[in-house]
Amino acid sequence: MNNIDVLLGLQWGDEGKGKVVDVLTPHYDIIARFNGGPNAGHTLEFNGMKHVLRTIPSGICHKDKTNVIGNGVLIEPNIFMQEIKSLQDKGFNPQDNLLISRKAHLILPTHRLTDAANEKSKGDRKIGSTLKGIGPAYTDKIARTGLRVGDLSAKDFDAKYNALKNLHIRHIESLGYKAEDFLIEEKTLAQYEQLWMQAAEELKKLQIIDTEYFINENLQQGKKILAEGAQGTMLDIDFGSYPFVTSSSTVTAGVCSGLGVAPQNIGRVFGIVKAYCTRVGSGPFPTELFDKTGEELCEKGHEFGSVTGRKRRCGWLDMPALKYACMINGVTDLMLMKIDVMDSFDKVKICTGYIMEGNKTEKLPYNMEREIVPVFEEFDGWKQDVSKTKHYEDLPLQMQTYIQAIERMTSLPVSMVSVSPDRNDTIIRN
Ligand code: GDP
Ligand code: IMO
Ligand code: MG
């Protein structure tokens, strides 16, 4: 029996997971998503084209590879079918190499209204959700009131749908709002429901299977499988900066529950890490920069959300958070992304610890909202364009020193260095 390799984000999402999955796909037979849903935006760039994937795994542009959407993922039929159509328009045939779990939960239009109502009711304490209905849909899953892809074919689907919809409307009213107070993608609930129902009919025609059998049988047959995470460890429901997190398990443990794989069948764990940090939405961010350097990271790194277009907050690499993420996930290899963004900097910094109430620690506090003063180690910049460098040895020595510092601090190898958004601009060391 083969083990399943795992690839996931170690920060607050948008580390560049999509690019790395696309680069690694030729080495695998199957790529499988295990968590999240259309809150994700995974970008692939090749042949001068850019593709942003939401719910579909990032191996989809390789026609001979199978892509799987596991039971841990949420599907919003209208967004999902738009994603399918946009791939078809670009000449891909996702309907042929995509398998969907019957057990994946559905995001209903009223989940999206509930998301908007919940956020509004929180005022200043809002999470900064992508408003795709993620929190409310996972809430129903855990409350055992959710609807799954397999339910779309049930005779009593309409009755189940209406019962859940009414529950959501009552919840929205309990917050002091009406469903009509909110729009979904500029449409009223009735208008959006029509699109959703049409899309759900289309979705039913795709390959819907028991993916847990498929994954385990293929591992048994010696096939190579890569699990693709969405979001990042600092957004994990248990280990992220709660409550400013997403509602799924974004860590390695999520692969077991989100695909039905036993823990002893987890293989290598590739941790994707940006050479600096970004965060979109609210919540604590100890190394956030509010100065010109932060602006430069944002501008040079094009740090705008691939889903919502929101500006991403930027800051230096946070080692306590990174080490925590490596520990929780059992990371075996680091993949370092977007180091080219810092090409013109005179100095670059890594936060090596936090000072809280006068005491220095390298551990994350229970409450990350308290006052945290980051302690930095400073490195010389390399002042050189590295985006076309093909071999590790040819990278500037100052950059190699920065990379070695990350390896030393995490006790992990940096097995890949990414130097541009393009598939080809990737240095693989190991
Ligand atoms: P994901 O959610 O983890 O897949 O990441 P996103 O796609 O949301 O955000 C990463 C962004 O950085 C995308 O626009 C990528 O095209 C881009 N990107 C990925 N790797 C690199 C890199 O090494 N250098 C630069 N400059 N951009 C990169
Ligand atoms: P990928 O997979 C970055 C953030 C949102 C918000 C919080 C909760 O592209 O890395 P949600 O819609 O899940 O209720 O939002 O999590 N968030 C992400 N930030 N990348 C993502 O995905 C994200 N998915 C959710 O901005 O702060
Ligand atoms: Mg993203």
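The values are calculated or read from the model by the stated rules, or taken from the named source; none is laboratory data. Small disclaimer: the values here were computed from a predicted structure and weren't measured. Using ideal geometry, Cβ is built from the backbone for each residue, glycine included, and neighbour counts are taken over all protein chains shown. For the accessible areas, the whole protein counts, side chains as well, though only heavy atoms, and no ligand, DNA or RNA atoms are used. Shrake-Rupley method; radii C 1.70, N 1.55, O 1.52, S 1.80 Å.
Working note: Cα atoms of segment 51-93, range along each principal axis, descending, whole Å: 26, 21, 14.
Mean Kyte-Doolittle hydropathy of -1.0 or higher plus an axial Cα length of 24 Å or more: which whole DSSP H helices in the chain meet both? Before the final figure, lay out each step's value.
Numbers: long enough: 157-174 (26 Å, -0.66).
Answer set is 157-174.
Using the Cβ of Ser86 as centre and a radius below 13 Å, the other residues enclosed give a net charge of +2, where K and R count +1 and D and E count -1.
Given the Cα-Cα distance of Asp151 and Arg370 and 0.36 nm per residue of separation, how much length would full extension add, in nm?
Details: separation 219, 0.36 × 219 = 78.84 nm, distance 4.43 nm.
Using 0.36 nm per residue and subtracting the Cα-Cα distance, I get 74.4 nm.
Please report the antiparallel percentage of DSSP beta bridges with both residues in the chain, rounded to the nearest 5. Walk me through the intermediate numbers first.
On the way: 26 of 63 bridges.
Close to 40 percent.
Within the chain, what whole-number % of the accessible surface is contributed by carbon and sulfur, with the 1.4 Å probe and all protein chains included in the calculation? Using a 1.4 Å probe with all protein chains present, the chain comes out at 49 percent carbon and sulfur. The mean accessible area for residues of the chain, using a 1.4 Å probe and ignoring ligands and nucleic acids, is 42 Å² per residue. The residue list Cys351, Asn367, Trp316 was ranked by how far each Cα lies along the charge dipole of segment 274-428 toward its positive end, using unit charges on Cβ atoms, and Asn367 comes out on top. How would segment 105-203 be classified by its alpha-carbon gyration tensor: rounded, prolate or oblate, with rounded meaning a/c under 1.5 and the a/b versus b/c comparison settling the rest? Verdict is prolate for segment 105-203. Once the C-beta distance of Gln95 and Arg429 is scaled by a Förster radius of 41 Å, the resulting FRET efficiency is 0.65 to the nearest 0.05. One decimal place: the segment Lys311-Lys363 gains 15.9 nm when fully extended, by the rule 0.36 nm per residue minus the C-alpha distance.
What fraction, in whole percent, of alpha-carbon pairs in the chain exceed 41 Å separation? Could you put the intermediate results ahead of the total?
On the way: 13300 of 92235 pairs.
For the chain, the share of Cα pairs beyond 41 Å comes to 14 percent.
Around the Cα centre of segment 234-331, unit charges on the Cβ atoms of Lys, Arg, Asp and Glu (plus for the first two, minus for the last two) sum to a dipole of about 160 debye. Scanning residues 5 or more positions from Arg312 or on other chains, those with amide H under 5 Å from its amide H are Phe304, Gly305, with H placed 1.01 Å from N in the peptide plane.
From its DSSP helices (H runs of at least four residues, each -39,500 (n - 2.57)), the chain gives a residue-normalised ellipticity at 222 nm of -9500 deg cm²/dmol. Evaluated at q = 0.16 Å⁻¹, a Debye calculation over the C-alpha positions of segment 58-142 (equal weights, vacuum) places log10 I(q)/I(0) at -0.72. The peptide list 140-149, 70-79, 33-42, 353-362, put in order of mean Cβ contacts within 10 Å with the highest first, becomes 33-42, 70-79, 140-149, 353-362. Of interest is the spacing of the C-alpha centroids, which for segment 250-275 and segment 294-357 amounts to 21 Å.
Over segment 105-203, Cα pairs under 8 Å with separation of 6+ residues give a relative contact order of 35 percent.
In this Cβ point-charge picture (+1 for Lys and Arg, -1 for Asp and Glu), the chain has a dipole of about 680 debye about its Cα centre.
For Lys165, a cut-off of 30 angstrom between C-alpha atoms picks up these lysines, skipping any fewer than 8 places away in its own chain: Lys85, Lys103, Lys120, Lys122, Lys126, Lys132, Lys141, Lys155, Lys178, Lys187, Lys204, Lys205.
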